[in-house]
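Enquirer: Okay, here's the structure, questions in a sec.
The values are calculated or read from the model by the stated rules, or taken from the named source; none is laboratory data. Quick caveat, the model's predicted, so the values are computed rather than measured. FYI the Cβ positions are ideal-geometry reconstructions off the backbone, even for glycines, and counts take in every protein chain you see.
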Amino acid sequence: MKFDPKKIVSRGKDIVNDSGKWLVDVLDLKTEKPQSVVETVEERAEIPDSFLQRFSLHPLEEVSQLKGREEELQLMSRAYANWHISRSPLLLVGEFGAGMTSLLNASSKIYPHASIMENKVNIASEQDLVNALKNAMNQPEANALNDLKTLPDTEEKRVIIFENIERLFLRKVNGFNLLEDFLLLVHATKKHIFWIITINKYSFYYLNQVLDFGSNFLSVIRLQPVKQENIENIIMGRNAGYNLVFLKPPNLSAMLANNLKSAESENKQRILQSDFFSRLYNFSDGNISRAMLYWKRSLVRVQEKRVYVKAYEPKLVRNLTLEELFVLEAILQHTSLSNAELRTILRNSNKGSKLILEKLLENDLLYAKYYEGGTTPEYQVNLFYLKELKEQIHSRLNRNIQ
């Protein structure tokens, strides 16, 4: 959208007019001082991909980039030191989007030669699991899990990070055998291998109910929500080199309106910025990925070196049917599921299962994901609506997921 000089007015202290247009004080980029000028931003413009890439959800590779996880890193270092005495594996429990893989990458400074197994797809057979493990355990000739239980007689101590252990079970009769066999392998080899195993919090809750899963680990670290100041610092850091302009939020509260009306011109942006990050944090619940998604949806325009931001107003998630909630819960427990796996779990007909999936896809609550080598999609919950879905699962299915 081109800037129209006719829309410049001289009401320096007015941030928003009665017509609902988005008006903001503009900073003079040379002097960094507020001018008594407001600029109208009437529609969301195309945001350059080069700018959006700054807010990618890909795991961080550089240790120095990780913020707000210092306590978890200290606990991991302590667990590794204790392992030399207790020989206990470590379990990391975290929510989707909480930055688990970034934390694991950062922990490489504690044990730089660790083998990392990401396990992005469900593992359905012993042979698939053996194929995934034998290289990490340095036993290329292994053909069965029992072959991996007896390690070569060596003084070498190894570290293996096994991500997403929930990929080893399917919620059905006899669907836990592979998971239990893997846990037996962990106990058989923990003298020589420091196992770090990750699980999402929804799977952890369920497996504790049915298998007392947590009792297999003396060391358990739960990833805590990232603090608001850390999330704000992360987002502001990724905006380095740009000047941010915060617009009036939707549903302006009486208190915020009064604060803006009485504030000096130079303080209005500070007030709007504070209000924006409070809204962002309330939406994210300390989940860094949800915070990034909210930030990207709040972008109005990026022009030259100036970024216009208006707090996004999320749509309400309608009250879902019990069938829909059961589908969403099953997917959360497994990270992702194919239609065939979902039918097996819920014992639905192919048509019935597909209809529910299509409704959830249409409402943007799920998305279909094709993994490398896969010919059929797996379905994952849209992280943007995770908080709202969790609240419905808690209140209507009585799941007390912490």
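Enquirer: Considering segment 32-66 alone, what residues qualify as being surrounded by fewer than 10 Cβ atoms within 10 Å (Cβ to Cβ), closer than 28 Å to residue 230 by Cβ and at pLDDT below 90?
Expert: 32, 58, 62, 64 - these are the residues of segment 32-66 that are surrounded by fewer than 10 Cβ atoms within 10 Å (Cβ to Cβ), closer than 28 Å to residue 230 by Cβ and at pLDDT below 90.
Enquirer: Next up: Pairs please, first residue from segment 55-79 and among the small types (Gly, Ala, Ser), second anywhere and part of a loop (DSSP other than H, G, I, E, B), Cβ atoms under 8 Å, 6+ apart in sequence or on different chains.
Expert: These pairs meet every condition: 68/226; 68/227; 77/110; 79/88.
Enquirer: Do you know which residues across segment 116-139 are more than 19 Å from residue 188 (Cβ to Cβ) and part of a loop (DSSP other than H, G, I, E, B)?
Expert: 118, 119, 120, 121, 122, 124, 125
Enquirer: Across segment 67-122, what is the number of residues that are within 18 Å of residue 286 (Cα to Cα) and of a type in the set (D, E, K, R)?
Expert: Count: 6.
Enquirer: Take segment 184-194 and flag every residue that is touching a Leu at 6+ places or on another chain (Cβ under 9 Å) and assigned to a helix (DSSP H, G or I).
Expert: Within segment 184-194, 184, 185, 188, 189 qualify.
Enquirer: I would also like to ask the following. Going through segment 294-346 one residue at a time, which ones are among the basic types (Lys, Arg), within 30 Å of residue 269 (Cα to Cα) and without any contact (Cβ under 8 Å) to a residue 12 or more places away in the chain?
Expert: 315
Enquirer: Could you tell me which numbered condition residue 328 fails, if it satisfies all but one of (1) within 18 Å of the chain's Cα centre (by Cα); (2) under 30 Å from residue 66 (Cα atoms); (3) of a type in the set (A, V, I, L, M, F, W, C)?
Expert: The one condition residue 328 does not meet is (2).
Enquirer: Report, by residue number, each residue of segment 358-402 that is assigned to a strand (DSSP E or B) and either among the hydrophobic types (A, V, I, L, M, F, W, C) or more than 15 Å from residue 338 (Cα to Cα) (or both).
Expert: 366, 368, 381
Enquirer: Name every residue in segment 325-375 that is among the acidic types (Asp, Glu) and loosely packed, with under 15 Cβ neighbours inside 10 Å, in order of residue number.
Expert: 358, 362, 364, 372
Enquirer: Taking segment 186-219, which residues are crowded, with 17+ Cβ neighbours inside 10 Å and closer than 17 Å to residue 80 by Cβ?
Expert: Of the residues in segment 186-219, the ones crowded, with 17+ Cβ neighbours inside 10 Å are 186, 189, 193-207, 213, 216-217, 219.
Across segment 186-219, the qualifying residues are 186, 189, 193, 194, 195, 196, 197, 198, 217, 219.
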